[in-house]
Amino acid sequence: MVHRVVVFIDYQNVYRRARDAFGLDRSYVNGQVDPLAVGSRLSNLTTDHELVGVRVYRGMPSPKHDPVGHAAAQRQVARWRESPLVTVITRPLNYRAHGAPQEKGIDVQIAVDFVTLAMQGFHDLGILFTADSDLDPAAEAVGGMMGTGAVRLANWWDARRGAPRTVRAGGGTVYTHILRRTDYVAVHDPVDYAVGAPRKPRPPRPDGSN
C-alpha cells in the first residue's frame, strides 16, 4: 500500500536553524532550502511513500518597510509555486518601531492546517518540519486521533543541542527524521533572489544633485 505524504515546512524556522546548526556564514542565501527537494527527500526516507504535497509557511516582508526583501520574497515564492505539488501560505510580517520584524500567525496557521487536513483525509502521513515546540500540540492532536503512524516530525541535527525533543501522542512516540549537513547540501537553494530587486532611492545630495 502506498501512503500519501504531505510535508509542512515552517520556513523561517527551518532557515534559521540550518544556519545555526551548520555554522553557515552570514550570506542570507545560506540556509535557504528548496521545498520540493525537502519534500522529496523526506518522503523517500521510507519505502511505499508518495509525496502528494508540500506546504510552505512563511512571513512576507512589507513592500513599504522593506521593498528589497519583499521583491526577493516574491521571486522566491514564485519559483516555489512552479511545482504543482507546492502550496505557499504567506502572512505579512509584523513591523514595530524597534527591533526586527516578526512573523504573526504563522504557527497558528500551520497548526490549524496540520490538524484539519489530517482529519479530512487529505493525506496518510503528515511530516512537520520545524524545531518550534509551540507546534507540538498539533502533532500530538493528530497522533492522538489517528495514531502515531499518521504524523512525523523533521529537524536539523545540531551537535550543540543534542537529540531533538521527544513528542508523545496516542500512547506512542512521534518519529522524528533527523536531517544532517549532507541532507542540507542536497536540498539547499543557492539562488540569490535579491538580485535585480528594486533598491531604495538614494537621498539627494546637499547641492540637489543625484
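Between Val77, Val195, Val86, the residue with the greatest mean-square fluctuation in the GNM of the chain (Cα pairs under 10 Å linked by springs) is Val195. Modelled spin labels at Arg16 and Ala100, positioned 7 Å past Cα toward Cβ, are 0.6 nm from each other. Classified by the C-alpha gyration tensor, the range 1-100 has a prolate form. Its axis ratio a/c, with a ≥ b ≥ c, is 1.5 or above, and a/b is larger than b/c. Given the rule -39500 (n - 2.57) for each run of at least 4 DSSP H residues, summed and divided by the residues of the chain, what is its mean residue ellipticity at 222 nm, to the nearest 500 deg cm²/dmol? Taken over the chain, the calculation gives -9500 deg cm²/dmol.
Annotation: for a label point projected 7 angstrom from Cα along Cα→Cβ of Arg91, residues of the range 47-82 with backbone N closer than 17 Å are 55-62. Between Gly99, Gly121, Gly171, the residue with the greatest mean-square fluctuation in the GNM of the chain (Cα pairs under 10 Å linked by springs) is Gly99. Sorted largest first, the spans of the alpha carbon positions of the chain along the three principal axes are 73, 33, 33 Å.
The numbers here are math on the coordinates, done by the rules we state, and not lab data. Here the structure is a predicted model, which means the values were calculated and not measured. Ideal geometry is used to build each Cβ from the backbone, glycine not excepted, and the neighbour counts take in all protein chains shown.
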